Amino acid sequence: MRHIIAVLLENESGALARVVGLFAQRGYNIDSLTVAATEDPTLSRLTLVTRGDDQVIEQITKQLHKLIEVVKLVDLSDNAHIERELMMVKVKASGDQREEVKRCADIFRAQIIDVSPTTYTIQVVGTSDKLEAFIQALCNTQILEVVRTGVSGISRGERSLAL
Amino acid sequence: MSQQNQPEMLSGGAMLVRALHDEGVEYVYGYPGGAVLHIYDALFQQNDVKHVLVRHEQAATHMADAYARASGKAGVVLVTSGPGATNAVTGIATAYMDSIPMVVICGQVMSHLIGDDAFQETDMMGISRPIVKHNMSVRNPAEIPMMVKKAFYIAQSGRPGPVVLDIPKDMTIPSQKFPYDYPKDIKLRSYNPNAKGHPGQIKKALQTLLAAKKPVLYSGGGVILGRASDELTELARRLNLPVTNTLMGLGAYPASDPQFIGMLGMHGSFEANQVMHNADVIFAVGARFDDRVTNATKKFCPNATIIHIDIDPASISKTINAHIPIVGLVKPVLQEMLSQLDKLQGKAEGKLDQVALANWWNQINQWREVHGGRYQQRAELLMPQAVIEAVHRHTKGDAYVTSDVGQHQMFAAQYYKFDKPNRWINSGGLGTMGFGLPAAMGVKLHYPDAEVVCVTGEGSIQMNIQELSTCKQYGLGVKIINLNNGYLGMVKQWQDMNYDSRYSSSYMDSLPDFVKLAEAYGHVGIRVTTPEELEPALERAFALKDRLVFLDIHIDPKEHVYPMQVPGGAMNEMFLSKTERT
């Protein structure tokens with residue numbers, strides 16, 4: 001099962017290495033990982049996408065809790081939540097291709113953020129599934145480069161991960 | 001402001017030493033080198049914190065570790081950067097695996113050189129990360145007192161463990177002084193280690209135990225670390241529970257008590273493993289269902305309801321699912337159980353099922369007869385078990401016993417009947433050969449009047465034999481029981497059982513003359529080769545109160561440790577001797 005774990009972490013050097021090291025050391029998967037400081041500069045927020053059965057996920061959350069610099073964490077998958085990921089795709093776009101790629105981008109509510117005579121760079125925001133679907137939709141187009149941020153997540157409603 | 005109220009100005013090095021003193025540290029074990037010279041100079045200029053110079057940094061960590069195991073307080077290590085720090089790694093990992101509080105201060109190259117592959121530079125923060133409870137690097141000398149406080153707080157609270165403090169050389173420059181103030185306490189928003197246990201869960205656990213027909217109490221190192229032996233013993237007696245201890249938990253419940261059924265697990269007693277397998281309620285206290293205890297987890301204790309108390313939530317349901325988990329320090333949880341039990345006194349729901357328990361004890365006593373710790377006596381050869389029993393007699397069962405790793409460790413665990421906690425000091429989790437001698441030294445230094453015995457073998461002892469020199473320098477009169485069979489015994493045993501006795505690299509040729517070696521280091525050496533020589537040798541050794549005596553005892557090289565669980569089997573599947581299995 002895929003789980004999205006959000007972690008508030010002391011914004012100190014080495015703290016991120018501890019989180020990543022824990023996953024490597026104990027053989028847990030990381031599908032994606034995003035991290036940045038929050039509105040409180042002493043805290044970083046990290047969103048981690050991982051996979052495992054209930055027992056593995058329970059161990060992951062418990063082991064993360066044990067790290068001294070982990071302040072709080074929540075498994076967003078336990079409750080209603082929103083997840084977003086940003087992707088930039090650079091594609092070959094010349095001749096008839098240019099129109100077709102643009103139409104496809106419009107359908108996905110993606111934006112063309114850079115243009116050259118032979119290429120488009122398209123930005124797509126959405127769930128990981130939507131991003132996958134967009135790549136599938138571009139199957140007749142030559143993809144030059146893909147870069148994804150990894151998932152960020154937040155709970156719906158009044159529930160929040162804060163101090 | 002008056003002159004008196006102004007804080008004293010100290011260098012980083014002096015602050016570090018003063019902070020250790022303010023933390024109550026008496027001894028630091030270490031080895032000097034370039035990156036810690038300022039700190040060593042600060043040590044030289046005071047008399048409160050004493051330094052013990054080992055011969056290899058690994059020994060410093062084991063000394064600190066064993067001090068912590070015996071006293072409950074964090075041991076302190078001081079090593080230089082690079083090789084000094086990497087030599088400490090095995091000792092840090094040893095402490096980590098057994099949850100031992102320890103503060104390891106590592107020198108580091110000057111801040112501006114970090115990352116340049118400078119002389120004796122190594123990324124100790126990176127190297128130690130997976131084997132510490134926490135590590136920290138000093139960035140500003142003014143923060144040293146706070147960081148020392150934090151290091152001790154983290155090391156000693158909750159589930160204890162080693163903390164590494166990495167100090168670049170420029171943080172300790174003698175001419176740069178800062179106001180010194182040692183914090184009284186410290187609070188961390190991200191770390192709250194003092195769980196008392198959920199009263200509702202505790203109640204449920206107690207009800208389950210009261211209703212049990214075949215209960216067992218399985219306790220581990222957490223009871224020793226949590227100083228909860230008295231509570232554990234009282235509860236076990238009031239609930240009439242058979243008690244088994246893990247290798248790390250020996251001594252938490254008196255071994256001479258009739259309710260004690262021995263150690264459990266791979267080399268546990270027949271009765272302890274049978275009781276576990278057949279139990280209807282397993283009451284696990286400060287134990288972690290380690291693979292050397294459970295054998296195959298899929299076949300583990302099929303009929304048991306499992307109650308599990310542990311301070312570390314990650315230990316609960318990690319390998320074996322707990323039906324009644326209780327997250328908390330064992331001492332307050334057991335106290336709460338006792339007080340709930342008091343309230344049930346005289347009430348129907350406070351009564352034990354006496355008939356079922358009588359049947360259970362009857363069954364247990366039958367199991368006791370099956371193996372009962374028997375071993376074969378062979379003519380002309382000393383048996384290792386007999387040596388341990390003799391050592392127990394000569395020390396009246398009251399010695400601190402340290403061990404290395406292998407057959408001798410299991411014989412000591414099985415045959416030295418520990419009646420008190422903190423007396424059995426061994427590397428359980430990591431299984432570190434070379435632990436025993438430095439561990440004995442760490443204990444002897446703090447308890448000079450106590451009898452300290454290191455049970456070892458000719459393989460393990462040679463991994464830190466250089467410390468015989470440290471023993472001479474500090475007058476550490478430990479007694480070394482070298483169970484010498486010429487083989488790496490446990491490796492040989494596995495080769496006998498699984499590899500048709502092909503002794504691949506388990507026979508050690510060209511052993512030194514240990515008697516002469518001990519004498520060369522300024523100690524007393526005694527060789528024992530026949531059963532008749534044992535008693536007089538032990539008598540002589542223990543009469544030499546202040547001397548280190550190295551007893552090189554030649555034992556039966558063919559002996560195996562039994563019982564031994566059948567690999568991949570259930571808890572109660574065991575080999576009982578070379579020819580019998582369950």
Using the reciprocal of the averaged 1/r over all distinct C-alpha pairs, how large is the Kirkwood radius of chain A in Å?
-> 17.5 Å
Considering the alpha-carbon set of the range B:64-191 alone, what are its Rg and its Dmax in angstrom?
-> 14.4, 41
Segment B:SER175-B:ASP353, length gained on full extension (0.36 nm per residue, minus Cα span) = 56.8 nm
Mean separation of Cα contacts under 8 Å (at least 6 apart) over the residue count of chain B, i.e. the relative contact order in percent, is 13 percent
For the range B:486-582, what is the convex hull volume of the alpha-carbon atoms per residue, in Å³?
-> 151 Å³
Measure off 7 Å from each Cα along the Cα-to-Cβ vector at A:SER155 and B:PHE44, then give the distance between these two points in nanometres to one decimal.
-> 5.9 nm
Against the rule of thumb 2.2 N^0.38 Å, how large the Cα Rg of the range B:389-536 comes out | 1.04
What longest range of chain B stays clear of loop-exposed chymotrypsin sites (Phe, Trp or Tyr not before Pro) (DSSP non-H/G/I/E/B, at most 14 other C-beta within 10 angstrom)?
-> B:120-498
Shielding by other protein chains, B:312-321, mean Cβ within 10 Å | 4
With every protein chain present, what accessible area does B:ASP342 have (1.4 Å probe, heavy atoms only), rounded to the nearest 10 Å²?
-> 80 Å²
Two-decimal ratio, the range B:1-149, of alpha-carbon radius of gyration to 2.2 N^0.38 Å | 1.04
Give the longest segment of chain B that steers clear of GluC sites (Glu not before Pro) in DSSP loops with at most 15 neighbouring Cβ atoms within 10 Å, not counting the sites themselves.
-> B:27-379
Rounded if a/c is under 1.5, else prolate if a/b beats b/c, else oblate: with a ≥ b ≥ c from the C-alpha gyration tensor eigenvalues square-rooted, which is chain B?
-> oblate
Loop sites only, by DSSP: take the GluC sites (Glu not before Pro) in chain A that have at most 11 other C-beta atoms within 10 Å and name the longest stretch containing none of them.
-> A:40-157
Return the carbon/sulfur percentage of the accessible area of the range B:250-311, one whole number, probe 1.4 Å, all protein chains in place.
-> 47 percent
Could you name the lysines whose alpha carbon sits less than 28 Å from that of A:LYS90, not counting residues in the same chain fewer than 8 places away?
-> A:LYS102, A:LYS130
Mind checking how much accessible area A and B bury in total, 1.4 Å probe, in Å² rounded to 100?
-> 1600 Å²
Loop trypsin sites (Lys or Arg not before Pro), the range B:379-488, which have at most 11 other Cβ atoms in a 10 Å radius of their Cβ (DSSP) = B:LYS396
Loop only per DSSP, at most 13 neighbouring Cβ atoms within 10 Å: give me the trypsin sites (Lys or Arg not before Pro) in the range B:286-340, ordered by residue number.
-> none
Find how many whole Å separate the alpha carbon centroid of the range B:194-243 from the alpha carbon centroid of the range B:246-293.
-> 13 Å
Per-residue mean of other chain beta-carbon atoms within 10 angstrom of the beta-carbon, peptide A:64-75?
-> 4
Rounded to the nearest Å, the spacing of the alpha-carbon centers of the range B:340-368 and the range B:108-140 is 56 Å
Roughly speaking, what is the centre-to-centre gap between the range A:101-141 and the range B:445-491 when only Cα atoms are used, to the nearest Å?
-> 70 Å
Return the loop-located trypsin sites (Lys or Arg not before Pro) in the range B:498-574 (DSSP other than H, G, I, E, B) with at most 11 other Cβ atoms within 10 Å of their own Cβ; answer none if there are none.
-> B:ARG502, B:LYS545
Summarise the accessible area of the range B:115-173 (1.4 Å probe, protein heavy atoms) by the percent that is carbon and sulfur.
-> 49 percent
Where a label projected 7 Å from the Cα of B:PHE119 along Cα→Cβ would reach, residues of the range B:72-110 with amide N under 13 Å = B:109-110
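The values are calculated or read from the model by the stated rules, or taken from the named source; none is laboratory data. As the structure is a prediction and not an experimental result, all values here were calculated from the model. Note that each Cβ is placed from the backbone with ideal geometry, even for glycine, and that neighbours are counted across all protein chains shown. Please note that ligands, DNA and RNA were not included when accessible areas were found on the heavy atoms of the full protein model with its side chains. Shrake-Rupley method; radii C 1.70, N 1.55, O 1.52, S 1.80 Å.
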